[in-house]
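Each remark here refers to the structure printed beneath this line.
The values are calculated or read from the model by the stated rules, or taken from the named source; none is laboratory data. Note that the structure is a prediction, hence the values are computed from the model and not measured. All Cβ positions, even for glycine, are placed from backbone atoms using ideal geometry, and neighbour counts span all protein chains on display.
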Amino acid sequence: MLQTLNTWAGKSPQFDQFVVMLESNSLLKTGPLIGLLWYAWYSTLRQPETRQKVLRTLLAACIAIAVARAGQRLLPPRVRPVYEPALHFQVTEEFNRASHAEWSSFPSDHAVLLCAVAAGLWTISRWYGLFAFAWLLLMVFPVRLYLGLHYPSDLFAGGLIGVVILWLVSMDRVVTPRLVDAALGFEGRRAAVFYTCAFALTWQVADFFGDCRYLGRILGAIALGR
C-alpha cells in the first residue's frame, strides 16, 4: 500500500504541495470533527444527554493523546517509513523530513485521538459518525501514508485504541459521570468561564495538544537547567 501510494510522489509538485498542506493544516485535518462537536452541543439545547456525550468525547480525546504519546515513548521504537532505507521512499520536496524524526511510528497519535473523537460523534449521531470516519479515511489517513509518516498497521492499531478508549469512557459509571456532571454544573453557574475553557480545550484537541506539549518541554528544560 505504501509503495503504491509512493509511486505518485514527485510527479506533480502542485499535488505534493496540496498533500503537505493537508498534513499540516489543522483547519482541514481536525476542524470538521471539532466543528461537529460544537454543532452538536448547540443544536440540542433540550437534550442534556447529547451534551453529556460531547463532554465524554472530549474526555476520551484527552486520554487518547496521553495514551498515544505514552505508547510512542514506552513501546519499542518503530522507524517511520520515510526514514526506512530499505523502502527507498520517495520524499516530496515540499515535505520537511526532520519535522517527525523524533517520534516513533507506532501507534499513530492522529489515529488514536481522531478515532476517539469520531467514535464519540457516532454515539451522538450515526450521520455525524459516518461523516467523521469517512473524513479520516479519505482526507487524513491517506495523507500520512502518502508522506511515509505511518504504516497502515500504525493507523489501524491507533484507530482501534481510540475507539476502545471512547468505549471505556462511555461505559465508566464512577469517574466519568462525576466529571461530566461537574462540568455541566459549572457551565450553569459560570458560563463565561466554562466556554472560555471549552474553546481552549477544543483548540488544543484540534492541534493534538501541540502547544501544551511544547510548553511542557520548555518548562521541563528550564526546570532541569538545560
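Overview of results
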| quantity | calculated |
| --- | --- |
| Some residue of the range 21-33 being more than 25 Å from the chain's Cα centre (by Cα), over 14 Å from Gln90 (Cβ atoms) and of a type outside the set (A, V, I, L, M, F, W, C) | no |
| Helices (runs of 4 or more DSSP H) contained entirely in the range 146-226, each with at least 2 residues that are in contact with a Gly (Cβ under 9 Å, 6 or more places away or on another chain) | 152-171, 191-206 |
| Counted residues, the range 166-187 - those being more than 19 Å from Ala66 (Cα to Cα) and not charged (D, E, K, R) | 9 |
| Search result, residues across the range 40-72 that are among the basic types (Lys, Arg) and under 17 Å from Leu155 (Cα atoms) | Arg69 |
| Which listed residue is modelled with pLDDT of 75 or more, in a helix (DSSP H, G or I), under 16 Å from the mean Cα position of the chain (by Cα) and under 30 Å from Val175 (Cα atoms), from Arg69, Arg73, Arg51 | Arg69 |
| Subset of the range 62-82 [touching a Ser or Thr at 6+ places or on another chain (Cβ under 9 Å) and closer than 10 Å to Leu113 by Cα] | Ala68 |
| Unique match (being β-branched (Val, Ile, Thr) and touching a Pro at 6+ places or on another chain (Cβ under 7 Å)) among Ile161, Ile218 | Ile161 |
| Hey, Phe15 within 22 Å of Met139 (Cβ to Cβ), out of contact with any Gly (no Cβ under 8 Å at 6 or more places or on another chain) and surrounded by 12 or more Cβ atoms within 10 Å (Cβ to Cβ) or not | yes |
| Residue match in the range 190-210 (condition: surrounded by fewer than 13 Cβ atoms within 10 Å (Cβ to Cβ) and under 30 Å from Asn6 (Cα atoms)) | yes |
| Search result, residues across the range 32-47 that are more than 25 Å from Ser108 (Cα to Cα) and not hydrophobic (A, V, I, L, M, F, W, C) | Tyr39, Tyr42, Ser43, Thr44, Arg46, Gln47 |
| Arg78, sole failed condition from (1) more than 19 Å from Val164 (Cα to Cα); (2) part of a helix (DSSP H, G or I) | (2) |
| First in the range 9-31 and over 16 Å from Ala111 (Cα atoms) and touching a residue at least 40 places away in the same chain (Cβ under 8 Å), second anywhere and of a type in the set (D, E, K, R) and loosely packed, with under 12 Cβ neighbours inside 10 Å, Cβ under 9 Å, 6 or more apart | Gly10/Glu93; Pro13/Glu93; Asp16/Glu93; Gln17/Glu93 |
| From Phe141, Phe199, residue being in contact with a helix residue (DSSP H, G or I) (Cβ under 8 Å, 6 or more places away or on another chain) and without any contact (Cβ under 8 Å) to a residue 60 or more places away in the chain | Phe141 |
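Here's the yes/no breakdown for (1) polar (S, T, N, Q); (2) within 21 Å of Gly31 (Cβ to Cβ); (3) crowded, with 18+ Cβ neighbours inside 10 Å:
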residue: Gly71; (1), (2), (3): no, no, yes
residue: Gln90; (1), (2), (3): yes, no, no
residue: Leu113; (1), (2), (3): no, yes, yes
residue: Gly120; (1), (2), (3): no, yes, yes
residue: Gly158; (1), (2), (3): no, yes, yes
residue: Ile161; (1), (2), (3): no, no, yes
residue: Val169; (1), (2), (3): no, no, yes
residue: Asp172; (1), (2), (3): no, no, no
